[in-house]
1. Could you list all residues from region B:9-24 that are surrounded by 17 or more Cβ atoms within 10 Å (Cβ to Cβ) and either under 8 Å from the mean Cα position of the chain (by Cα) or more than 7 Å from chain A (Cβ to nearest Cβ) (or both)?
2. Can you go through A:Glu32, A:Glu59, A:Glu79 and tell me which one is farther than 20 Å from A:Val138 by Cβ and assigned to a strand (DSSP E or B)?
3. Among the residues of region A:227-237, count how many are closer than 14 Å to A:Leu263 by Cα and either over 17 Å from the mean Cα position of the chain (by Cα) or not assigned by TED's automatic domain parsing to the domain that holds A:Thr187 (or both).
4. Go through region A:135-159 and count every residue that is surrounded by fewer than 24 Cβ atoms within 10 Å (Cβ to Cβ), among the aliphatic types (A, V, I, L, M) and modelled with pLDDT under 90.
5. Is it the case, given these coordinates, that A:Leu66 is out of contact with any Ser or Thr (no Cβ under 6 Å at 6 or more places or on another chain) and not assigned by TED's automatic domain parsing to the domain that holds A:Pro234?
6. Here is a check on your reading of the model: is A:Arg35 more than 15 Å from A:Val74 (Cα to Cα), surrounded by fewer than 18 Cβ atoms within 10 Å (Cβ to Cβ), in contact with a strand residue (DSSP E or B) (Cβ under 8 Å, 6 or more places away or on another chain) and at pLDDT 90 or above?
7. For region A:104-143, which positions are polar (S, T, N, Q) and in contact with a helix residue (DSSP H, G or I) (Cβ under 8 Å, 6 or more places away or on another chain)?
Amino acid sequence: MTETSLAAGRYRVERTLGQGGMAVVYLAHDEELHRLVAVKVLAEHLAGDANFRARFLQESKLASRLSHPNVVQVYDAGETEGSPFIVMEYVGGDTLAQRGKLTHAEVLPLALQACAGLQHAHNAGLVHRDVKPANLLVREDDVLKIADFGIARAAELTRLTQHGTVLGTAAYLSPEQAAGEEVSGATDIYSLGAVVYELLTGQPPYEFESLADLGAQQTDGVITPLRDVEPSVPKSVEAAVMHALARDPRFRPASASDFAYELASASELPTKPSLATASTEPPHARTYRSLSGSRAWLWIVGAAAVALVAVILGLLSIGGGSNSARKPQPLPIRSPARGATPAAEARNLSAWLRAHSK
Amino acid sequence: MRSDEVARALTAGDPCGAGSLAQQLQRETIAAINAGRIPAAFQEQLGSTVADLVSRIQCVPVEKEHDRGKHKNKHKKDGEGD
């Protein structure tokens, strides 16, 4: 690569868009297709690692299979002068990291788009693993696009993130990631929940000083209920976000589409356009997805009418009950901590319910 | 979540409101358990915690405060924290 072009001159670099610990991103002009593109070039200190270089390209190629309005399209990938690069759709606008705290009316349409993009990727078998505000790009017309699919995976596989770059985004790490356990689509749902929590409140779910501290808090700590920090957020939105932040991945929304459904239902936003965007599920989609809009709303109204009963039924209907066909869960079940005061006890109960919710 | 509402009422210095919410939580919990919708492994912890919560919330009636000539601090405030 030269200062002004790469890939044998095909991409003419116009300016630097950003620089992170892993890569430099340039705005470039595709001289063959005559369009603006973003080119991400792996940082020199990583490019020297043959293993990482190979992973970077492999995962980039996997990511190039994705084609969705809410995912940054990968056009090309290759190596030039020993530096791997990815050529992507250029997205003007800014990132959610630049927007700061937002109202729930501003956040929810963006969150629904993120859910749609994630669902598409999950259907394709890809987990992002690094959903964070800086990876959520928002165009001037408020279309959100998820960037950097595959890159976190490449970094993780070569264990470069354990003590270095991961700290910058640890606020959005799921408990299973922080613990070094296996990740799944539920990991992205947690991270998106953490992003939404921060956008709505101006603070991450957990304040921490190190990965060990984060892990300890995710094990024993309690996330302050969203409305305690930002009372203007509707209760139902709080419930949806806290559901996504469940400690155990099995107790989070079953899919990104489910999370979108909960958010859309909770927010009283028109669900059809959002869910149409999110409808990237395979044919065996969950039953409620085949309901008509009016039937779905009846279900919601019915659930609201029975208040906590519905919450408990929804949150605690995990295996082991006499009416359940599921296997009993071999988890040790601890009682909620009593708390020094009744208020603390009530909060601990809420945390316990959320921790054991599905 | 109802338990969040209880905590908020206590934090706001409304123990009587919190007590009412806690009792409502208890009724709903019992109903859910009786309906067989709470897994057995969770019933004892949930039921006992809710019962304990109800018993710990003390509502001081306004009339008694007034009778004793206490015109301020009608409600005993509850503490906060985990």
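The values are calculated or read from the model by the stated rules, or taken from the named source; none is laboratory data. Keep in mind that this is a model prediction, so the values were computed, not measured. Every residue, glycine as well, gets a Cβ built from its backbone with ideal geometry; the counts of neighbours run over all protein chains shown.
1. Those that are surrounded by 17 or more Cβ atoms within 10 Å (Cβ to Cβ) and either under 8 Å from the mean Cα position of the chain (by Cα) or more than 7 Å from chain A (Cβ to nearest Cβ) (or both): B:Ala9, B:Asp14, B:Pro15, B:Cys16, B:Gly17, B:Ala18, B:Gly19, B:Leu21, B:Ala22.
2. Details: A:Glu32 fails: assigned to a strand (DSSP E or B); A:Glu59 fails: assigned to a strand (DSSP E or B).
Exactly one residue qualifies, and that residue is A:Glu79.
3. Here is the first cut: in region A:227-237, the ones closer than 14 Å to A:Leu263 by Cα are A:233-237.
Still in the list and also either over 17 Å from the mean Cα position of the chain (by Cα) or not assigned by TED's automatic domain parsing to the domain that holds A:Thr187 (or both): A:233-236.
Residues flagged as closer than 14 Å to A:Leu263 by Cα and either over 17 Å from the mean Cα position of the chain (by Cα) or not assigned by TED's automatic domain parsing to the domain that holds A:Thr187 (or both) within region A:227-237 amount to 4.
4. Going through region A:135-159 one residue at a time, the tally reaches 1.
5. Details: out of contact with any Ser or Thr (no Cβ under 6 Å at 6 or more places or on another chain): yes; not assigned by TED's automatic domain parsing to the domain that holds A:Pro234: yes.
So A:Leu66 fits the description; yes.
6. Numbers: more than 15 Å from A:Val74 (Cα to Cα): no; surrounded by fewer than 18 Cβ atoms within 10 Å (Cβ to Cβ): yes; in contact with a strand residue (DSSP E or B) (Cβ under 8 Å, 6 or more places away or on another chain): yes; at pLDDT 90 or above: yes.
It is false that A:Arg35 is more than 15 Å from A:Val74 (Cα to Cα), surrounded by fewer than 18 Cβ atoms within 10 Å (Cβ to Cβ), in contact with a strand residue (DSSP E or B) (Cβ under 8 Å, 6 or more places away or on another chain) and at pLDDT 90 or above.
7. A:Gln113, A:Gln119
Yes/no per residue for (1) within 22 Å of A:Ala264 (Cβ to Cβ); (2) hydrophobic (A, V, I, L, M, F, W, C); (3) assigned by TED's automatic domain parsing to the domain that holds A:Val195:
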| position | (1), (2), (3) |
| --- | --- |
| A:Gly100 | no, no, yes |
| A:Glu106 | yes, no, yes |
| A:Pro109 | yes, no, yes |
| A:Leu112 | yes, yes, yes |
| A:His120 | yes, no, yes |
| A:Val127 | no, yes, yes |
| A:Lys132 | no, no, yes |
| A:Val138 | yes, yes, yes |
